[in-house]
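The values are calculated or read from the model by the stated rules, or taken from the named source; none is laboratory data. Because the structure is predicted, anything quoted here is derived from the model rather than measured. Note: ideal-geometry Cβ built from the backbone for every residue, glycine included; neighbour counts use all protein chains shown.
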């Protein structure tokens with residue numbers, strides 16, 4: 001039985017509150033009424049739990065109850081409102097966060113009527129399919145034992161259907177039958193459905209984890225469909241745990257990068273955090289920031305590609321999503337040539353996932369010491385921005401590495417300085433000038449910036465500022481007094497120009 005069929009029984013009047021767009025293929029294997037704070041031991045995958053919500057007011061009651069259902073692979077929570085009046089917002093939020101369907105039942109419909117509908121329908125569908133029921137149990141047990149390949153092999157042997165499981169970030173977890181990795185990657189990256197495959201989502205709407213069978217739903221038949229639905233129900237809590245674990249790992253690395261940028265932790269603590277994520281703070285460090293040329297391609301999948309590319313003998317990497325971008329901190333690779341060789345050597349397997357896209361990786365120069373890590377991160381991000389701003393021929397499937405060889409101007413030199421160093425230089429040259437503008441409502445900073453951008457031409461700069469050249473000369477005189485620089489000399493012009501660029505990089509560092 002599918003959840004959509006249960007919701008579609010008009011006499012029950014079930015109303016979906018959370019997950020309305022995801023109920024179509026979710027299996028219903030049983031129904032259970034409970035108000036126990038933790039009903040875990042009575043739950044099975046695919047179960048619909050009906051409750052009056054008496055656990056809502058207990059300390060931590062919502063998290064405990066919803067967590068128990070999610071861990072057991074329950075399909076839905078049906079909450080009655082006779083006792084609690086209305087569905088509490090914290091229940092709605094918990095179900096939405098965990099990807100659990102939440103529904104409510106009218107006050108004049110008993111929980112028993114819902115349970116009876118489930119029991120009768122499941123009994124009819126299962127009649128004459130005792131072998132299928134047994135196979136479903138064996139498949140679920142194989143998943144519980146961590147033998148996912150065995151679970152898929154059981155399905156393939158019984159029904160002759162090729163099937164596979166792909167997680168949120170495009171990594172094939174298991175396959176059975178004659179199916180190539182290229183086909184799996186293409187089906188995942190393009191979310192292919194249609195006549196030739198049937199897929200079951202293994203997470204919330206935002207997740208791209210799927211169980212897929214290489215056969216249409218019509219050709220699968222009811223017995224194979226029920227077994228695959230039972231398999232999907234068993235997989236959902238496993239994938240949910242993996243998703244949480246990956247997110248926690250990424251958050252640790254992201255917090256480390258954030259601490260280096262805002263200098264909220266002393267170097268000793270940053271070094272300790274680097275060791276916790278497997279990096280040597282005493283060795284050379286390099287930061288990578290990556291994306292694909294398809295803006296719709298998930299950043300999580302790009303992070304997974306970085307993990308696969310940058311993990312192996314001779315290199316250690318800590319990967320995360322930081323400020324929305326796939327980011328990696330590498331140790332033990334000092335030379336760009338070594339990095340290129342490493343990335344090229346790791347490309348063949350993940351390139352299938354790209355499915356014709358180009359993976360662009362911007363790399364910082366190697367730095368020594370944790371105090372330079374923030375600068376390395378800024379360098380990698382700015383190189384990616386500069387690459388995006390420049391025209392490039394279509395590269396096709398593959399990898400583009402953007403490093404120091406891709407740029408050669410004053411911005412490359414400034415990126416070698418840490419953000420605090422750039423702050424300090426800008427303040428030493430422009431500090432009095434900016435203070436004067438603040439106190440008098442002036443625009444001397446803008447004036448000197450336009451003057452230098454126009455190559456020191458009095459006429460061009462005055463025209464751009466809409467002032468008389470004599471007014472401009474007076475303003476530049478004030479700039480020279482406040483900066484203690486002579487703007488008729490190249491050396492002092494360079495000082496002010498670089499200070500303005502440092503100021504700009506500080507203003508736009510995000």
- By my count, strands (runs of 3 or more DSSP E) wholly in the range 1-69 with at least 1 residues that are surrounded by 15 or more Cβ atoms within 10 Å (Cβ to Cβ) and modelled with pLDDT of 85 or more are 15-18, 47-51
- Which of the residues belonging to the range 215-253 are more than 18 Å from residue 329 (Cβ to Cβ) and loosely packed, with under 14 Cβ neighbours inside 10 Å? 216, 218, 219, 221, 222, 241, 244, 245
- Message: Regarding the range 260-269, can at least one residue be identified that is assigned to a helix (DSSP H, G or I) and in contact with a strand residue (DSSP E or B) (Cβ under 9 Å, 6 or more places away or on another chain)?
- Response: no
- Those residues of the range 355-384 which are assigned to a helix (DSSP H, G or I) and over 15 Å from residue 326 (Cβ atoms), in sequence order: 370, 371, 372, 373, 374, 375, 376, 378, 379, 382
- Query: Can you find even one residue in the range 283-303 that is surrounded by fewer than 15 Cβ atoms within 10 Å (Cβ to Cβ) and either outside the structural domain of residue 380 (by TED's automatic domain parsing) or on the phi > 0 side of the Ramachandran plot (or both)?
  - Reply: no
- Query: Of the residues in the range 96-122, how many are crowded, with 16+ Cβ neighbours inside 10 Å and either touching a helix residue (DSSP H, G or I) at 6+ places or on another chain (Cβ under 6 Å) or in a loop (DSSP other than H, G, I, E, B) (or both)?
  - Reply: 5
- Count, please, the residues in the range 68-86 that happen to be out of contact with any strand residue (DSSP E or B) (no Cβ under 6 Å at 6 or more places or on another chain) and under 16 Å from residue 235 (Cα atoms). 5
- Give me a count of the residues in the range 289-323 that are outside any loop (DSSP other than H, G, I, E, B) and either modelled with pLDDT under 80 or within 16 Å of the chain's Cα centre (by Cα) (or both). 23
- Task: Go through (1) surrounded by fewer than 19 Cβ atoms within 10 Å (Cβ to Cβ); (2) touching a residue at least 12 places away in the same chain (Cβ under 8 Å) and name the single condition residue 256 misses.
- Result: (1)
- If residue 326 satisfies every condition in (1) in contact (Cβ under 8 Å) with a residue 12 or more places away in the chain; (2) surrounded by fewer than 16 Cβ atoms within 10 Å (Cβ to Cβ) but one, which is the exception? (2)
- Message: Among the residues of the range 172-190, what is the count of those that are surrounded by fewer than 19 Cβ atoms within 10 Å (Cβ to Cβ), within 23 Å of residue 244 (Cβ to Cβ) and at pLDDT below 80?
- Response: 1
- Residue hits (the range 97-116; within 11 Å of residue 79 (Cα to Cα) and free of Cβ contacts under 8 Å to residues at least 60 places away in the same chain) are 107
- Does residue 479 satisfy the criteria of being part of a loop (DSSP other than H, G, I, E, B), farther than 30 Å from residue 262 by Cβ and at pLDDT 90 or above? no
